[in-house]
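In what follows, a single structure is set out as structure tokens and then discussed.
The values are calculated or read from the model by the stated rules, or taken from the named source; none is laboratory data. Fair warning: this is a prediction, and the values are worked out from it, not measured in the lab. Here the Cβ is made from the backbone with ideal geometry for all residues, glycine too, and neighbour counts use every protein chain on show.
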Amino acid sequence: MEQEIHITLRYQMAIGEVGLNEIVYRLKELRDSLMLKILGHILMGYDDLIAERLSNTREYSSKARKGLGRHYRRDDPERFCRGRKVRKRGYRNHERQWATVFGKLAIPLRVVECSCCGARYAPLLSAFKLGAYARKETNLEQAVIEAVMDTNYRRLIDGRSIDISLGGIHNLIVRSDIDQAYPEQLSGKGLSGLLADGTGVKQYRGRKGELRVVIGVTQAGRVEPMGTFTNQDWSEIETVIKNQIKDTEAQALPFVYDGEPGLDTFLSEAVESQRCVWHGPRGLYHALWEDGLKKKDSQPEIDKIKQLIGIELPSESYELLREEDKQSVEEKYTKSKTEIRDLIQTFSEKGYIRGAAYLENLSSRLFTHIEIWLKTGVIAPKTTSLLERVFREIGRRLKRIAWGWSDQVLTNLSKMILLKQYARNKWEEFWKNKLGIVGHFNLQIAEVF
């Protein structure tokens, strides 16, 4: 059903004196109050339309009343009444208020009486499927959550004039169903690798916690958020991620990590492990330092490892490469592996026990990206730099907002930051589903004169 709202706008202008900036400034001041008046007008018009259809059953058939007038029986508040004919009984004594993104909306609610069971109810609330105590609409929840990602709770209230309490903001975060925006299962065809890492966070009363993040990397180099977890063991996280990559087990999918304890066998049955080629040499320096070598003595060995693992893959399409180009990469790969084995032997002979053990453990996981390229032609990630940038984005926001949250709030908020920053389409789809945006209401400006 199409209806129109007519708006009369008066303005005064000092001819020859007014500037564009002032005009825009005044229009911005008017925006929220105008939207509130339009919203109120639409709701009251809808209320009148519903009451008219339910009370005038001779003119409006049951099909025209579909979805309207549902209410509980007067004599049995747990059963719905089948009656859809009402008598108008005026308005409630007090206006109903809702918190919206435009501000507080207050409108009178019409009351009707069912001709079948005698129950009195507000047909507008029934049509919107709103509970008796609902006092806000969900667009406000989205606005608050997106604002929370950029500032702390107190600044959100004081600086942005959002009419909500600190407890109200906290409840929105902790009760969020953001998990629905994460896929239960991913298609491995679009992924070139998985990355995982953890970082320390401050929690309630200064308690130190651990935030752990797992992301996928698409073949186009984009981040695919897979999960954030607070104070959960890697074995528990592994179970969750395995369910998401069920159809990737037959593929050569690398898992890149920086050597954090607990990740050596992470997803070992489903993916191939790849140690970060930047953190590897860095860790070797610390191992040799424990063996008693100073930096000037260990640096030549570190530089040699960097050179051996720094094999560059051709940027051209794998299918278009000549066989001699592929063979050249394979020869460099074979030579590097041989020289690393020789270096391990040298460390052992010189008594560098920790250095030899570290390099032995490292060597089996340094060339996974080369092996995958030689088999499939897919250029897989070889460092955790992308995940570190993700952590910077999360940390920059979490540290600006506040600290002292529970595990659930920290997990939810970090998930929201990941989705909004790196999976905007999923973030918008999540809110569209939550808001019920399916095309039942549309607006357009007919004319401005």
* To do: Can you run down the residue pairs with Cβ atoms below 9 Å, 6 or more apart or on separate chains, where the first is in the stretch 429-449 and without any contact (Cβ under 8 Å) to a residue 12 or more places away in the chain and the partner is exposed (fewer than 11 other Cβ atoms within 10 Å of the Cβ)?
  => 432/438
* Give the number of residues within the stretch 199-214 that are in contact (Cβ under 8 Å) with a residue 60 or more places away in the chain, surrounded by fewer than 22 Cβ atoms within 10 Å (Cβ to Cβ) and either in contact with a Leu (Cβ under 7 Å, 6 or more places away or on another chain) or not in a helix (DSSP H, G or I) (or both). => 5
* Structure fact -> Only one of 368, 383 is touching a residue at least 12 places away in the same chain (Cβ under 8 Å), out of contact with any Phe, Trp or Tyr (no Cβ under 6 Å at 6 or more places or on another chain) and among the polar types (S, T, N, Q), namely 368
* Being surrounded by fewer than 16 Cβ atoms within 10 Å (Cβ to Cβ), at pLDDT 90 or above and touching a Pro at 6+ places or on another chain (Cβ under 8 Å), is that true of even one residue in the stretch 99-119? -> no
* Structure fact -> Across (1) surrounded by fewer than 13 Cβ atoms within 10 Å (Cβ to Cβ); (2) not in a loop (DSSP other than H, G, I, E, B), residue 53 clears everything bar (1)
* To do: Could you grab me the full set of residues in the stretch 67-98 that are assigned to a strand (DSSP E or B) and surrounded by 16 or more Cβ atoms within 10 Å (Cβ to Cβ)?
  => 72, 86, 96, 98
* **Any pair with Cβ under 7 angstrom, 6 or more apart, that starts in the stretch 17-40 at a residue that is in contact (Cβ under 8 Å) with a residue 24 or more places away in the chain and ends at one that is outside any helix (DSSP H, G or I) and surrounded by fewer than 13 Cβ atoms within 10 Å (Cβ to Cβ)** => 38/5
* Would you point out the residue of the stretch 289-327, among those that are over 27 Å from residue 381 (Cα atoms) and assigned to a helix (DSSP H, G or I), that is modelled with the highest pLDDT? => 289
* To do: Kindly establish whether residue 43 is over 38 Å from the mean Cα position of the chain (by Cα), assigned to a helix (DSSP H, G or I), under 16 Å from residue 124 (Cβ atoms) and not hydroxyl-bearing (Ser, Thr, Tyr).
  => no
* To do: Determine if the stretch 57-71 includes at least one residue that is β-branched (Val, Ile, Thr) and at pLDDT below 90.
  => yes
